[in-house]
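Trainee: Dumping the structure here so I can ask a few things about it.
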Amino acid sequence: MQPLTAHWRKALARRRRQLMQAAGDGAILVLPAAPERIRSRDTHYPYRQDSDFWYLTGCDEPDAVLVLVPGRKHGEAILFCRERDPEREGWDGPRLGPDGAVDVLGMDDAYPVSDIDEILPGLLEGRRRVHYHLGRDADFDLKLIGWINRVRAQARQGAQPPQEFLELGHLLDEMRLFKSADEIALMQRAADISVEAHRAAMRAARAGIHEYELQAELECVFRRHGAQPAYASIVGAGANGCVLHYRANSAKARAGELVLVDAGAEYRGYAADITRSFPVDGRFNRQQRALHDLVCRAQAAALAQARPGVPYEAGHDAAVATLAEGLLSLGLLQGSLEAVLANGDYKRFYRHKTGHWLGLDVHDVGEYRLDGASRLLEPGMVFTIEPGLYIPPDDAAVAPKWRGIGIRIEDDVLITRDGHRVLTGALERSADEVEALMAK
């Protein structure tokens with residue numbers, strides 16, 4: 001793993017202290033690392049650490065467990081991890097080891113993960129509440145219940161087992177929702193890499209190119225900058241752009257088609273998420289431009305709502321109103337604006353919400369509603385704004401010239417004290433900007 005600077009060790013320690021303060025005395029917090037996953041037979045998928053575990057430890061190894069014990073005199077932050085093993089390290093690479101967990105990560109204490117069965121029941125004893133992601137890892141759930149039952153079995157001898165299980169996300173999700181300056185810097189780097197990648201794909205586009213070739217252009221830029229895909233890249237040519245989570249990326253782009261690219265880099269755990277729709281041969285036709293301009297206007301309407309004190313849902317409502325009005329003007333919907341909004345007719349062509357939280361996960365943690373109402377935007381929140389229009393290729397109710405056009409425009413937005421900052425704002429967005437870039 002990459003060495004942590006003193007600055008990052010302090011930041012991680014600060015997060016752990018904040019979480020323990022929120023949990024309070026009498027609590028114990030247990031977070032296992034993500035397990036390795038088999039891809040096929042004896043090969044594994046590339047390892048990706050659990051986001052919560054990474055957020056609190058900076059450790060990218062499997063087979064580890066973080067235990068936080070507020071007020072423990074011998075150290076509150078304890079990591080169970082693999083021991084050093086020269087034989088295995090010769091096959092799989094260096095390991096941190098318990099000593100490294102203290103020296104490199106700044107843990108208060110560390111033990112071999114092979115000793116967890118003997119040590120963890122003693123840490124649970126006397127704690128009233130266990131904060132844990134119950135149900136996320138069924139195998140670890142059983143282990144934790146077994147350790148608690150061992151404490152319960154000693155109750156006649158005076159042992160005090162925990163009495164409550166509490167969902168860890170209630171505390172940790174809210175912390176992660178608000179990004180620090182350090183996190184924002186990493187997200188900006190992920191955004192900058194993603195901007196360069198999208199430009200590379202636009203410049204490479206030509207009639208006859210395969211979707212996977214454009215995917216390769218994107219992901220080459222990611223890897224060249226020490227990043228990786230934050231999610232499976234979507235490259236949909238023609239009518240494939242109408243499939244929201246298109247996966248195949250195998251078709252050829254034909255002259256006159258649009259290509260919808262939804263792809264973002266993950267840099268040091270933090271995700272970017274960008275979508276652009278562009279003509280494979282560099283020029284929008286009349287219908288493509290009309291719909292592209294409309295989606296741009298919808299995004300601008302949503303972005304105008306991105307400021308502190310405004311309900312999160314206001315951006316979606318503004319985008320929907322703009323899209324519905326435009327669809328009526330173009331003749332793709334009929335009736336009054338009020339009726340189209342009330343009965344949801346616009347959902348024929350716009351089926352998703354206008355954004356989501358963004359951070360260590362591309363669809364990041366955090367509540368969208370509090371006490372039944374849309375939560376208000378606050379500085380430090382980061383989310384996407386991504387309106388779109390998708391005219392199904394088989395929709396006989398619209399003229400053939402519109403069919404099979406799929407357009408989405410997505411950017412990453414940070415709420416600041418006085419408004420917002422578009423982290424991905426450097427990437428060409430309007431039809432004129434896209435055509436100018438592709439003409440270079």
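Trainee: Could you check how many residues of the stretch 414-430 are in a strand (DSSP E or B), under 20 Å from the mean Cα position of the chain (by Cα) and either of a type in the set (Gly, Ala, Ser) or more than 15 Å from LEU376 (Cβ to Cβ) (or both)?
Mentor: So the answer is 3.
Trainee: Working only within the stretch 220-270, note down all residues that are over 28 Å from LEU291 (Cα atoms) and assigned to a strand (DSSP E or B).
Mentor: Matches in the stretch 220-270: GLN228, PRO229, GLU266, TYR267, TYR270.
Trainee: Within the group LEU19, LEU31, which residue is under 20 Å from the mean Cα position of the chain (by Cα) and open to solvent by less than 10 Å² (accessible area, probe 1.4 Å)?
Mentor: LEU31
Trainee: Then there's this: Of everything in the stretch 154-170 that's among the charged types (D, E, K, R) and either in contact with a strand residue (DSSP E or B) (Cβ under 6 Å, 6 or more places away or on another chain) or under 20 Å from GLY135 (Cβ atoms) (or both), which residue is most open to solvent (accessible area, probe 1.4 Å)?
Mentor: Residue satisfying both the conditions and the ranking: GLU164.
Trainee: With respect to ALA251, is the statement that it is crowded, with 17+ Cβ neighbours inside 10 Å, in contact (Cβ under 8 Å) with a residue 40 or more places away in the chain and more than 15 Å from TYR390 (Cβ to Cβ) true?
Mentor: yes
Trainee: Still on this structure: Report the residue count in the stretch 1-58 for those that are acidic (Asp, Glu) and at positive phi.
Mentor: Total meeting the criteria: 0.
Trainee: Quickly run through the stretch 270-301 and pick out the residues that are within 16 Å of GLY236 (Cβ to Cβ) and either hydrophobic (A, V, I, L, M, F, W, C) or in contact with a Cys (Cβ under 8 Å, 6 or more places away or on another chain) (or both).
Mentor: ILE274, PHE278, VAL280, LEU291, VAL295
Trainee: A further question on this structure: Determine which member of the set ARG84, ARG48 is in contact with a Lys or Arg (Cβ under 7 Å, 6 or more places away or on another chain), at pLDDT 95 or above and in a loop (DSSP other than H, G, I, E, B).
Mentor: Residue meeting the stated conditions: ARG84.
Trainee: Where residues in the stretch 271-288 are of a type in the set (D, E, K, R) and within 30 Å of the chain's Cα centre (by Cα), which of them is surrounded by the most Cβ atoms within 10 Å (Cβ to Cβ)?
Mentor: Of everything passing the filter in the stretch 271-288, ASP273 is surrounded by the most Cβ atoms within 10 Å (Cβ to Cβ).
The values are calculated or read from the model by the stated rules, or taken from the named source; none is laboratory data. Here the structure is a predicted model, which means the values were calculated and not measured. All Cβ positions, even for glycine, are placed from backbone atoms using ideal geometry, and neighbour counts span all protein chains on display. For accessibility, only protein heavy atoms count, side chains too; no ligands or nucleic acids. Shrake-Rupley method; radii C 1.70, N 1.55, O 1.52, S 1.80 Å.
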